[in-house]
Amino acid sequence: MNRREFLYRAGTLGATFTAFPFIFGGDTTVPRHPLDVNALASFVDPLPRPSVLKHEELRLSPADSKSQVPYYGLHMRASESKLHRDLKPTRIWGFNSTFPGPTLETRSGQGVFVEWINELPSSHFLPIDHNLAGAEPDKPEVRSVVHLHGGRVPPESDGYPEHWFVPGKSIVCFYPNNQEAATLWYHDHAMGINRLNIYAGLFGLFLIRDDFEDGLGLPSGQYEIPLVLCDRQLDQDGQLLYPVSPHPKAPWVPEVFGDVFLVNGKIAPFLEAEARPYRFRILNAANGRFFHLAFSNQMEFQQIASDQGLLAAPVPTRQLTLAPGERADIVVDFSKNAGEKIIFRNDNLSVMQFRVTSKTMAAVAAFPATLRPITRMAETEATKTRELLLEETDDAADNPTIMLLDRKRWVDPVTEDPALGSTEIWSLVNGTDDSHPIHLHLVRFQVLDRRNFYVAHYLRKRELKFTGPAVPPEANEMGWKDTVRAEPGMVTRIMVRFDGYPGRYVWHCHILEHGDNEMMRPYEIRPA
Ligand code: C2O
Ligand code: CU
Ligand code: CU
């Protein structure tokens, strides 16, 4: 099997990747055997809830010299975490030693400072590929910089991938939070090793609330629960296993799929629920897995928010697809399920279990029929359209597959340079066989449509020939998004207003293995 076939298999076999007899992880030379996940009991651990972080002090706001804003400290540390009752503690890297990290909560318009403090060890425990941009042998092994995904953040606090800092250092970021209520998340974004740092556990939730949303009477308090999803491979000792290619000098693999699913850092946990509605804030924090979620009894639920907050109205559904980086808030009404055990599944595998108590609860307030009004942007508002090719290509012998955005590498000069306040249409022309979740920093956008095109012709001539009609976005994609699935063989069009701040940001694929291997580009907002 040549490298390319191997990569192909690794990329498509997903969970069955562990069928390989040995997998080497990190710098170890001893073969590590994958854990027999079928021997692991399901639903034995209660669902943990990430703790909500308290601020340490108040500091003068940089935005207006009269007010004081909360100041938080988050320490990245090597630690251990019990992922399951029957597993030994697993080595992780986490914010304040936890996996996932603590949740930050704030309100729209309430700025906060966060000091990100790197207290990690000086060597990595996952396999670095020194061929990747930013991870060359002269770079320190352990580096981190933190990005607030979905945040409208000034460039100096946005976590630019090259603005990493090493153990013993920290940086203070200011988040103005001048945006609507939404489920955001913070995570590592270090150039060339981002996939490893996030796999190790460096991520957490960041929730913005606002008065409008509070006024809707959605389930809150103990009835509003985050479900942070990811998948991992583990070895027989319950330690994280990050797969590698057969080339010791080029260990990067194009995609990673785990055979255990974790919710809030536990494998297949259970939640004792009351027979009433709940709000779940779901984040797909996996490196490469798309989740296709449904309940075992096929019950209907309502999606009320996507990446950037509330939808115009609840979207009833029985199945929810979430690509890496995407979020969905759903309301699930268990009031007709008293005494039942319901499994939340990804495809046909268990993610977690809900045990609904047998006593029926007092009736709760009616669910709102409309949420936040959303004005759909008109195509005529756009002053520029950019056609951006997503492409997979063969490179030199030691690193045969790279994924490129618009045939450019990270180091190439900036080409996407919208003016501050301008509106553009970005046509994401996906010439690959994979769906790529494309994320833009700073902005929120609307999805216009998707349309099949003649791929081979485009790759030869750079000319779009459509082979079908434009397909409107799904009902749950009609709100504000910051990450969109660019489907294979399709042109996915998004409409973006570049509001916020002038300066340097990035856009990239949120399959972390892709982002680390050239599927990430800088973009620059020019002052108006
Ligand atoms: Cu969640 Cu640039 O990423
Ligand atoms: Cu982001
Ligand atoms: Cu991708």
*Answer residue from the range 438-452, given it is among the basic types (Lys, Arg) and within 23 Å of Asn284 (Cβ to Cβ) and is surrounded by the most Cβ atoms within 10 Å (Cβ to Cβ) among those*: Arg450
*Could you say which residue among Ala365, Ala338 is over 26 Å from Ala475 (Cα atoms), touching a residue at least 60 places away in the same chain (Cβ under 8 Å), small (Gly, Ala, Ser) and surrounded by fewer than 17 Cβ atoms within 10 Å (Cβ to Cβ)?*
Ala338
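Conditions (1) open to solvent by 10 Å² or more (accessible area, probe 1.4 Å); (2) at pLDDT 95 or above; (3) within 16 Å of ligand 3 (Cβ to nearest atom), marked per residue:
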position: Tyr454; (1), (2), (3): yes, yes, no
position: Ala470; (1), (2), (3): yes, yes, no
position: Trp480; (1), (2), (3): yes, yes, no
position: Pro502; (1), (2), (3): yes, yes, no
position: Glu513; (1), (2), (3): no, yes, yes
position: Tyr523; (1), (2), (3): no, yes, no
position: Pro527; (1), (2), (3): yes, yes, no
*asked:* Can you pull out every residue in the range 304-349 that is touching a His at 6+ places or on another chain (Cβ under 8 Å) and of a type in the set (Ser, Thr, Tyr)?
replied: Thr321
*asked:* Looking at the structure I just gave you, is Asp412 at pLDDT below 95, of a type in the set (Asp, Glu), away from ligand 1 (no atom under 16 Å from the Cβ) and not assigned by TED's automatic domain parsing to the domain that holds Arg327?
replied: no
*Tell me which residues, restricted to the range 51-75, are in a strand (DSSP E or B) and under 28 Å from Met352 (Cα atoms).*
Val52
_Here is a check on your reading of the model: is Thr375 among the hydroxyl-bearing types (Ser, Thr, Tyr), closer than 23 Å to Lys461 by Cα and part of a loop (DSSP other than H, G, I, E, B)?_
no
*Residue within the range 501-512 that is more than 22 Å from the chain's Cα centre (by Cα), within 16 Å of ligand 2 (Cβ to nearest atom) and part of a loop (DSSP other than H, G, I, E, B) present*: yes
_So Val172, is it assigned by TED's automatic domain parsing to the domain that holds Arg77, among the aliphatic types (A, V, I, L, M) and open to solvent by 20 Å² or more (accessible area, probe 1.4 Å)_ = yes
*Would you check which residues across the range 40-61 are open to solvent by 80 Å² or more (accessible area, probe 1.4 Å) and either over 24 Å from Asn96 (Cα atoms) or acidic (Asp, Glu) (or both) and list them?*
Glu56, Leu60
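The values are calculated or read from the model by the stated rules, or taken from the named source; none is laboratory data. None of these values were measured; they are calculated from a predicted model. Because the Cβ atoms are built from the backbone with ideal geometry, glycine has one as well, and the counts that use them run over all protein chains shown. For the accessible areas, the whole protein counts, side chains as well, though only heavy atoms, and no ligand, DNA or RNA atoms are used. Shrake-Rupley method; radii C 1.70, N 1.55, O 1.52, S 1.80 Å.
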